[in-house]
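The values are calculated or read from the model by the stated rules, or taken from the named source; none is laboratory data. Bear in mind the structure is a predicted one, so any value in this text is a computation, not a measurement. Note that each Cβ is placed from the backbone with ideal geometry, even for glycine, and that neighbours are counted across all protein chains shown.
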Amino acid sequence: MHLNKRLIIGILFLLIVAGSFGSAGSLISYALSPAQPGSTSSVILEVRKNAGPGELAQLLSSKGIITSPSLFVWLGRLTRQWRRVKVGEYKLSPALNPVQVFGVITSGISVSHPLVVREGENIYEIANELSRYALITTEKFLELCQSAGFIKTLGFPDPAPETLEGYLFPDTYFINRTTTAEELVRKMVKRFFAVWGQKEEIRAAELRMSRQQIVTLASIIEKETGAPSERPLISSVFHNRLSKRMRLQSDPTTIYGIWERYQGNLRKSDLTANTPYNTYTIPGLPKGPISNPGKASLQAALFPVQSEYLFFVSHNDGTHEFTKTFAEHGKAVKTFQLDRKAREGKSWRDLKKSSNSSN
């Protein structure tokens, strides 16, 4: 950070005129002297609304950023910096001198926190991640994601979706104390439209599917995929089932429909639950997306490979066994799911049992 020479000259002038201290040189020396020259450590300091000079100086002193709270208060008064201090979170180091410290806390440039939105996370999982930072409330975030009025302001071609599930594009977003929920959500939707354009609209029309249907299918593919290379093949299975008017029978869709009460283990009663997302009971696609898919899953939904597969079952290692007939599927289920040896140490069923027995 560059030293503000005018500020130092101003200090000297004011001290001489006002005679506030016996020695102007002592304050000048203080203003230019870091608490710990050459230090590589840093702290995050929050400047709260209505924090007074004395309170803030004591806080800086307690963090080891300055050596004398009283001199820091006088320095701010004589240079009229206190009126310029802005609320925010700032990264400060003991290697900064007091003049540089004022430069940081008057800049208004708050520390940014990375919010990582992963492929396949739903709006509730993203909201939970947001709660870690206490910058944007989960209630406000979810309210916006489900607000018809707000969604209409985001530029969706008609018809606009009922919720923003599926349209909060997976990426790393940086938020700080000044970031609003509205700004964050707009950025997420803008990222979606950076990968969904006219070419995607045309391809969806070729498949006789709407944007909403493709995003919904992509959200299921994202949740069903353990091995990225399998996305187009999993997409093929679902496209084949849809064309034959077969139920999709996807566990992740069922889970989304009972999200508030889901405890990590699907029961038989859950598979018959009456929700618009339970693809064991409803024909075709669920009501809407169940997660936020990335570009690869969107492309897989748009461009499935050609196959005759109608079923797949997990190998318990992220990959799947794909089959064409129900008989073949039944054999694969017996081999990879009903055989405990095939699941040992891999399946969530066995991991859950192991966890319970150790408690």
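Could you please give the count of residues in the stretch 85-101 that are assigned to a helix (DSSP H, G or I) and touching a residue at least 60 places away in the same chain (Cβ under 8 Å)? Here the count works out to 3. Scanning the stretch 124-155 for residues that are in a loop (DSSP other than H, G, I, E, B), within 18 Å of Glu260 (Cβ to Cβ) and more than 14 Å from the chain's Cα centre (by Cα) yields one hit, Gln146.
Of everything listed in (1) assigned by TED's automatic domain parsing to the domain that holds Asp158; (2) assigned to a helix (DSSP H, G or I), the single unmet condition for Thr179 is (2). Residues in the stretch 227-260 that are under 16 Å from Gly120 (Cβ atoms) and among the acidic types (Asp, Glu) were compared, and the one that is surrounded by the most Cβ atoms within 10 Å (Cβ to Cβ) is Glu230.
Is at least one residue of the stretch 36-56 under 20 Å from Ser110 (Cβ atoms), buried (at least 18 other Cβ atoms within 10 Å of the Cβ) and modelled with pLDDT of 95 or more? Yes, the stretch 36-56 has at least one match. The combined condition, being at pLDDT 95 or above, touching a strand residue (DSSP E or B) at 6+ places or on another chain (Cβ under 9 Å) and not hydrophobic (A, V, I, L, M, F, W, C), is fulfilled by Ser236.
The criterion of at least 2 residues that are farther than 23 Å from Glu162 by Cα is met by the following helices (runs of 4 or more DSSP H) wholly inside the stretch 241-334: 295-302, 326-333. Residues considered: Arg118, Arg80. Of these, the only one that is of a type in the set (Lys, Arg) and modelled with pLDDT under 95 is Arg80.
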